[in-house]
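In what follows, a single structure is set out as structure tokens and then discussed.
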Amino acid sequence: MKHFLKETDFERAELPKLFALARELKRKRGQRGVPLPLKGQTWALIFAKASTRTRVSFEVGIHELGGHPLFLNKNDIQIGRGETIEDTARVLSRFVHGLIVRTFDHSEVERLAAAGSVPVINALTDFLHPCQIYSDAFTLAERWAQGTSGVKLFGSLRGRKITFVGDTACNMAYSWVLGANLFGMKVALAGPKGFAPTPAFDAFLANAGFPGGYEFYTDPIAAVRGADVVYTDVWVSMGKEEEQAARLRVMAPYAVTGKLLAAAKPDALFMHCLPAHEGEEVMPEVLANPRSIIFDQAENRLHMQKAILTQLVAQRR
């Protein structure tokens, strides 16, 4: 049985087909006669963190694939009152056909996958956000390989450079490092020294087969030179609110301004997984720039996640 807990849970050889499927599902959305691979199935969404894009895209996607989404706030079920993760996984596996989990500790999704008997999808942890990275990569491939086959769609990512600016020890930075290496992209990180990737992440990356798979800069201008994509995320993630003042102060030089975007390639794209804090990690002129593709990213969460769900169901049969 296959789970999707991290970017490398799909092999590189599987990705051209997955990207082509996402494009086909997007093209055929709303048409009659579209296959319903989740027909008769119920998928539970266990969320410990608030969400807009992740929750809505998964609920709509499951529905459009013929299934029923069952939203479970973590505090509304017994896991919030001390039931073990393992018992929760075993019980829910008797009721539902898959689990979509958005939580803090990455070990929770790993434990749910190990103890249960249904597929588990990581809808975000403090360590990784693979659904976002796959959707973002699909968004880029659409831009760079319009009208080509699935193989060329995915292949358009190879050799491109993405620069992630800001808190480079966060789940989005880690996911982009892992994903970029899997996709054949180059990745640079730009942030304060105290927010560089940890030795534990470096060990994880080496174990995944990508030792030294990124370049780290404290100079954001140097980091974005030659970049095809400039990416950022909020500086104060959920659960880090008590660090807000200190983070805003130390991160200020890493805001994505018009000047910083101009230091990348002339046609470089700007990306943000949203929500954006305008005037903090990104300036208004960048969000409004025609090269900002933040809402394409948001939409493509739906299409790529439908492709992921379809593939997980197909591989379980």
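Rule-based calculations on the coordinates, nothing more; no lab input. Small disclaimer: the values here were computed from a predicted structure and weren't measured. So basically every Cβ, Gly included, is an ideal-geometry build from the backbone, and we count neighbours across all protein chains shown.
Below are the figures for this structure:
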quantity: The chain - percent relative contact order, Cα under 8 Å, separation 6 or more; calculated: 20 percent
quantity: Loop-resident sites, segment 1-60, for GluC sites (Glu not before Pro), counting at most 16 other Cβ within 10 Å (DSSP); calculated: GLU11
quantity: Magnitude of the charge dipole, the chain, Cβ model with Lys/Arg +1 and Asp/Glu -1, debye to 20; calculated: 1240 debye
quantity: Between segment 98-137 and segment 200-247, the Cα center-to-center distance that results, in Å; calculated: 20 Å
quantity: Folded to 0 to 90 degrees: helix 85-95 orientation relative to the chain principal axis, Cα; calculated: 50 degrees
quantity: Prolate/oblate/rounded call for segment 1-118, Cα gyration tensor, a/c under 1.5 rounded; calculated: prolate
quantity: Charge dipole (debye, nearest 20) of segment 132-293; +1 at Cβ of Lys and Arg, -1 at Cβ of Asp and Glu; calculated: 620 debye
quantity: Amide H contacts under 5 Å for TYR217, placed H, 5+ residues apart; calculated: LEU189, ALA190, GLY191
quantity: Degrees between helix 106-115 axis and first principal axis of the chain (Cα, 0 to 90, nearest 10); calculated: 20 degrees
quantity: Residue-wise HN-Hα coupling along segment 11-18, computed from phi with Karplus coefficients 6.51, -1.76, 1.60 (Hz; x: Gly, Pro); calculated: 6, 4, 5, 7, 6, x, 5, 5
quantity: Share of alpha-carbon pairs per 10 Å distance bin for segment 199-258, given as whole %; calculated: 17, 34, 42, 8
quantity: Options ALA123, ALA223, GLY191, ranked by Cα towards positive dipole end of the chain, top entry (Cβ charges); calculated: ALA123
quantity: In segment 67-165, GluC sites (Glu not before Pro) in a DSSP loop with at most 13 other beta-carbon atoms within 10 Å; calculated: GLU83
quantity: Rg/Rh (Cα only; Kirkwood hydrodynamic radius) as it applies to segment 216-317; calculated: 1.07
quantity: The chain, Rg to Rh (Cα coordinates; Rh as Kirkwood inverse mean 1/r); calculated: 0.96
quantity: Anisotropy class of segment 132-293 from Cα gyration tensor, a/c 1.5 cut; calculated: oblate
quantity: Stretchable slack from ALA208 to GLN244, in nm (0.36 nm times residue separation minus alpha-carbon distance); calculated: 9.7 nm
quantity: Net +/- balance of residues flanking ALA227 in space, Cβ distance below 15 Å, scoring K and R +1, D and E -1; calculated: +3
quantity: Radius 9 Å from Cβ of GLU142, net charge of other residues (Lys, Arg +1; Asp, Glu -1); calculated: +2
quantity: Charge dipole magnitude, Cβ of K and R +1, D and E -1 - segment 103-223, Cα centre, debye nearest 20; calculated: 540 debye
quantity: Cα lying deepest toward the dipole's positive end in segment 132-293, options PRO284, PRO253, SER135, charges on Cβ; calculated: SER135
quantity: Folded to 0 to 90 degrees: helix 294-316 orientation relative to the chain principal axis, Cα; calculated: 40 degrees
quantity: Structure-based [θ]222 nm, the chain - -39500 (n - 2.57) summed over DSSP H runs of at least 4, per residue, nearest 500; calculated: -12500 deg cm²/dmol
quantity: Shape of segment 84-201, Cα gyration tensor, a/c cut at 1.5; calculated: oblate
quantity: Most mobile listed residue (THR103, THR232, THR52) in the chain, GNM with C-alpha springs under 10 Å; calculated: THR52
